[in-house]
1. For residues that are of a type in the set (D, E, K, R) and facing chain C (nearest Cβ under 7 Å), scanning just the stretch A:1-14, find the one that is surrounded by the most Cβ atoms within 10 Å (Cβ to Cβ).
2. Hey, does the stretch A:15-38 have a residue that's touching a helix residue (DSSP H, G or I) at 6+ places or on another chain (Cβ under 7 Å), farther than 23 Å from A:THR119 by Cα and surrounded by 17 or more Cβ atoms within 10 Å (Cβ to Cβ)?
3. Is it the case that A:ASP60 is of a type in the set (Asp, Glu), farther than 25 Å from C:THR11 by Cβ and at the interface with another protein chain (Cβ under 10 Å from one of its Cβ atoms)?
4. With the requirement that a residue be aliphatic (A, V, I, L, M), in contact with an Asp or Glu (Cβ under 6 Å, 6 or more places away or on another chain) and surrounded by 14 or more Cβ atoms within 10 Å (Cβ to Cβ), what does the stretch C:43-92 give you?
5. Just give me the residues in the stretch A:81-106 being over 11 Å from the mean Cα position of the chain (by Cα) and of a type in the set (S, T, N, Q), in sequence order.
6. Quick check on the stretch A:99-120: of everything there that is away from chain B (no Cβ under 14 Å), in contact with a strand residue (DSSP E or B) (Cβ under 7 Å, 6 or more places away or on another chain) and under 12 Å from A:ASP18 (Cβ atoms), which residue is surrounded by the most Cβ atoms within 10 Å (Cβ to Cβ)?
7. Give all pairs with beta carbons closer than 7 Å in which a residue from the stretch A:97-120 that is within 14 Å of A:LEU13 (Cα to Cα) meets a residue that is basic (Lys, Arg); count only pairs at least 6 apart in sequence or on separate chains.
8. Looking at the stretch C:42-67, I want the residues that are over 15 Å from C:ASP78 (Cα atoms) and have a partner that is in a helix (DSSP H, G or I) and of a type in the set (Ser, Thr, Tyr) with Cβ atoms under 9 Å, at least 6 apart or on another chain. Which pairs are those?
Amino acid sequence: MNDKKIELLQTYLSLYIDHTAVLADMDKETSQYVVLDVRNAPAQVKQDQIKGAVAMPAKDLAAHLDDLDKSKTYVVYDWTAGTTLGKAALLTLLSAGFDAYELASALEGWKGMHLPIETI
Amino acid sequence: MNDKKIELLQTYLSLYIDHTAVLADMDKETSQYVVLDVRNAPAQVKQDQIKGAVAMPAKDLAAHLDDLDKSKTYVVYDWTAGTTLGKAALLTLLSAGFDAYELASALEGWKGMHLPIETI
Amino acid sequence: MNDKKIELLQTYLSLYIDHTAVLADMDKETSQYVVLDVRNAPAQVKQDQIKGAVAMPAKDLAAHLDDLDKSKTYVVYDWTAGTTLGKAALLTLLSAGFDAYELASALEGWKGMHLPIETI
């Protein structure tokens, strides 16, 4: 049973990227990461987002894959950790051959740690 | 590794149903979905629930499977996404041969989107 | 597909331990469980913790495995359910041969149920 647990944890955790990696990349002249805000809510509900994020609602993602750049690494986030929207966006991106991760702890965690956000 | 990620995401996401599917079904004369509130807390703590939901605490579910209808599709929800209670209820239902899903984003998401609730 | 769902749910749920098991163990003269608070935040941000928990930030865990006791069962928790920190700590512990679980519903759920905490 422990082997199954370990394999599940390894695969599950490999879906995620930590805020520290995203933050470090923000300071570089040429960013490797493109942060996608995949929340489906309208802008007035969202109010703010991770600094530099690109709004790409999960429901519109499949129709906009041609606008994305295969040389970049995409980082998707939803309101909170544990929801399915980020995972759905991630599945779309990985299935289309993109390098992509979900942001661990999501927007809630990012704001809880007082990391850079911007109003929208 | 990407194959493993994609397979995990596909299976994980197949456990969930979106609020839009549940909402659309609520408006039909004959509902296909039965929404089960599987929170274990007493009613005074719960205060409100998704409109039309049936209270079926996860701890009591296994003893009440005979009261359920195999022709229906069951949708379970807990307080928030990412907890284990909904998954435990879902495992009980699927193992007993029921068609069942967990509500993506849970009660927290449902209320955050101002979808129909009722006091209990 | 149902077989895959059931297998995923079984493995996923086997990673978790319920608050009732942890609470019952707290009342025993000799506790089997050691609760590890794996939050990485500094103490002033954490403010309080589960009563009797040992602070062991996830980032420091791998370097402190020799301080742990293989005869005990470790229970890790993060701020909320659905984050990856608890799972990362759990993977470290299971891979090193420890008996370990993540606390279902995390600190948020524990406090929401008004279970014993202590200031730090």
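1. Narrowing the stretch A:1-14 to residues of a type in the set (D, E, K, R): A:3-5, A:7.
This time we only want the ones that are facing chain C (nearest Cβ under 7 Å), so: A:4-5.
Working: A:LYS4: 14, A:LYS5: 19.
Among residues in the stretch A:1-14 that are of a type in the set (D, E, K, R) and facing chain C (nearest Cβ under 7 Å), the one surrounded by the most Cβ atoms within 10 Å (Cβ to Cβ) is A:LYS5.
2. The answer is yes; a qualifying residue exists.
3. Working: of a type in the set (Asp, Glu): yes; farther than 25 Å from C:THR11 by Cβ: yes; at the interface with another protein chain (Cβ under 10 Å from one of its Cβ atoms): no.
Taking the combined requirement at face value, the residue does not satisfy it.
4. We begin by selecting, within the stretch C:43-92, every residue aliphatic (A, V, I, L, M); these are C:43, C:45, C:50, C:53-56, C:58, C:61-63, C:65, C:68, C:75-76, C:81, C:85, C:88-91.
Applying the additional criterion that residues be in contact with an Asp or Glu (Cβ under 6 Å, 6 or more places away or on another chain) yields C:53, C:55, C:76, C:85, C:90.
Answer for the stretch C:43-92, where residues must be aliphatic (A, V, I, L, M), in contact with an Asp or Glu (Cβ under 6 Å, 6 or more places away or on another chain) and surrounded by 14 or more Cβ atoms within 10 Å (Cβ to Cβ): C:ALA53, C:VAL76, C:LEU85, C:LEU90.
5. A:THR83, A:THR84, A:THR92, A:SER95
6. A:LEU103
7. A:GLU102/A:LYS87
8. C:ALA62/C:THR92; C:LEU65/C:THR92
A short reminder: the numbers here are calculations on the coordinates, not readings from a lab. All of these numbers come straight from a predicted model, not from anything done at the bench. Note that each Cβ is placed from the backbone with ideal geometry, even for glycine, and that neighbours are counted across all protein chains shown.
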